[in-house]
Amino acid sequence: MTAPTLTETLPARETARSWWGDAWLVMTRELTPTLRDPFSVVFGLVQPLVFLGLFGPLLAGSVGATVPGGDVWAWFVPGILVMTTLFGTSTTGANLLFEMQTGAHERLLVTPLARSAQLVGRAGKEMAPVVAQSLLVVLVMLPFGFAPHPLGVLAGLVLLAVFGVGVGSLSYALAIAVRQQDWMFWAVQQTLLFPLLILSGMLLPLETGPRWMQVAADANPLRYVVDAERALFAGDLASATVAWGAVAAALTAALGLVVGVRTLSRSTR
Amino acid sequence: MIRTTGLTKDFTAKSGTVHAVRGIDLEVAPGELVAVLGPNGAGKTTTIRMLTTLTAPTSGTAQVAGADIAREPGTVRRRIGYVGQGNGAGHAQRAVDELVVQGVVYGLDRRDARRRAAELMTQLDLDGLATRKVSDLSGGQRRRLDVALGLVHAPRLLFLDEPSTGLDPHNRANLWEHVLRLRQEHDMTVLLTTHYLDEADAMAERVVVVDDGRVIADDTATALKHTLAGDRVRLAAADPADLPVLAAVVGGVPGARDVAVAGDEVEARVADAPTALPVALAEAAARGVRVVRAEGRQPTLDDVFLSLTGRSLREEGAARAEAPETAEVAA
């Protein structure tokens, strides 16, 4: 059988693709296996619901009266969404580590794909499941009296996306930096994750904690994102809390992208 | 197609500076198939990584496919194909998806990329595996898929970094059959690294021997073997007392040199073993020396390396097979 010849239809390869096109292509490449595997999609969507179902009632019974505003779900659900984003995006470097070990990452580095677009595309991929998980959580909680502001939910998801791109990029930078000792990735990720999580007031109100903890929390950008999410879901769209949260998310994204691109460039010097 | 001048790469390690590549000058003409041969750590992979823009040289220059690797790395990447030591296809991906994405990366629209993917899967004997997850493919199938990924855009220059390492002999032969056929069809220049001596010997039009970061020989395999190793004859005497006479007999064969006696044998380098051996046997019989064993041997590239460095590539290759590495020096 004679194979069809396509050589004559191959394009002139001197023209570079657009940067956004590259980032989109990388993002869809990364997303495809996730979408093709229903089990991982369903499991990923259910995880935050399980956490919400088990931790929420405990929270209501123990510190329900002390949460600001007194509505446990209005306080807790936005926190869970930020936690889902943090967990999802901070572990994404592990995927890159695997592709570095197998050779797929190296293959992509020798293609004309812009290297910064490869990083952003990978980080962007993490946002699709996070947004889907967040929407599901919001929908499931509606019958339980959770009534977020619709515009606030939309703005909250955008804020999470910006923040998630930053954390995802930092996770990739960490993976590249420790590629010779992959165990270090998990050591660093786990060491940073829990202090950041607890000092953000995501799960329990910081107002009841000691003074030193509140001071430490003030230096945690995640705290401002959590507070902003709660304000947005409550419909307080134009508040200073939201502004600070937006600044924290934007700074995280900028830092993540700069560090990520630099680390990627250094790895090929 | 490739021209390097003083290409050098140093790495900083805890123990100090590692001189991975020490001023390599290399020229590869369009259409050539050149094998870079050398032991583990010789600088082969680091050289390829520099030429494919995966790592920047410490000093020196290189033009690859008409573009400078330092000033125009994007142009180099658009013009070359690369098959690295690892599996280029993502293990979680489907085979066809990786090929289509690779096609789009190089400017094909989705429809043409799908056609090109189908064409390559047929040409590389991967029909029926399009929707198979890469992690579910066999080692040989994954390697052929890697080659397909390197060929999606029909590059004029293809880099193959130890493409057959880890494959069994059947899959190695199968892979090379495909690569050589596609190379002819596309009139491609190929630069490959390998530690399989037989591969370099059989396929490469030129062999560049690298050791300790330097090019120590560069010629056709035949010329290297002829000038640096030469044919050898080995004859064993029934009576050890006859060894001096046998050595004289062998030394008297036209073109014989480096005559040595070891155990009950006399060994010498000759111009052409098939011609020299009958001459030596006839002369030994004429002098009353009973020869119980005789062997004529044509040289291998391992003999060339042994002659150049005093070390055997085959032994180093065996050691490497026991403790494989994915890269010589981590970038």
Which of the residues that make up the stretch A:236-269 are more than 18 Å from the chain's Cα centre (by Cα), polar (S, T, N, Q), over 30 Å from B:THR53 (Cβ atoms) and in a helix (DSSP H, G or I)? A:THR241
Using the structure shown, decide if B:GLY88 is over 19 Å from A:PHE98 (Cα atoms), assigned to a loop (DSSP other than H, G, I, E, B), facing chain A (nearest Cβ under 7 Å) and touching a residue at least 12 places away in the same chain (Cβ under 8 Å). no
Have a look at B:LEU235, B:LEU158 and point out the one that is more than 20 Å from the chain's Cα centre (by Cα) and outside any helix (DSSP H, G or I). B:LEU235
Going through the stretch B:107-117 one residue at a time, which ones are out of contact with any Lys or Arg (no Cβ under 9 Å at 6 or more places or on another chain), at the interface with chain A (Cβ under 8 Å from one of its Cβ atoms) and not acidic (Asp, Glu)? B:ARG115, B:ARG116
Within the stretch B:121-131, is even one residue in a helix (DSSP H, G or I), free of Cβ contacts under 8 Å to residues at least 60 places away in the same chain, more than 10 Å from chain A (Cβ to nearest Cβ) and surrounded by fewer than 24 Cβ atoms within 10 Å (Cβ to Cβ)? no
Any idea how many residues of the stretch A:189-203 are in contact with a Leu (Cβ under 6 Å, 6 or more places away or on another chain) and of a type in the set (A, V, I, L, M, F, W, C)? 1
Residue count, the stretch B:91-101, condition in a helix (DSSP H, G or I) and facing chain A (nearest Cβ under 7 Å), comes to 2
Here's a check for you: in the stretch A:99-139, which residue that is of a type in the set (S, T, N, Q) and facing chain B (nearest Cβ under 8 Å) is farthest from B:LEU108 (Cα to Cα)? A:GLN101
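Read-outs throughout are calculated quantities, based only on the coordinates presented, and are distinct from any laboratory measurement. Computed from a prediction, not measured in an experiment: that's the story for all the values here. Cβ sites come from the backbone with ideal geometry, for glycine too, and all protein chains shown count toward neighbours.
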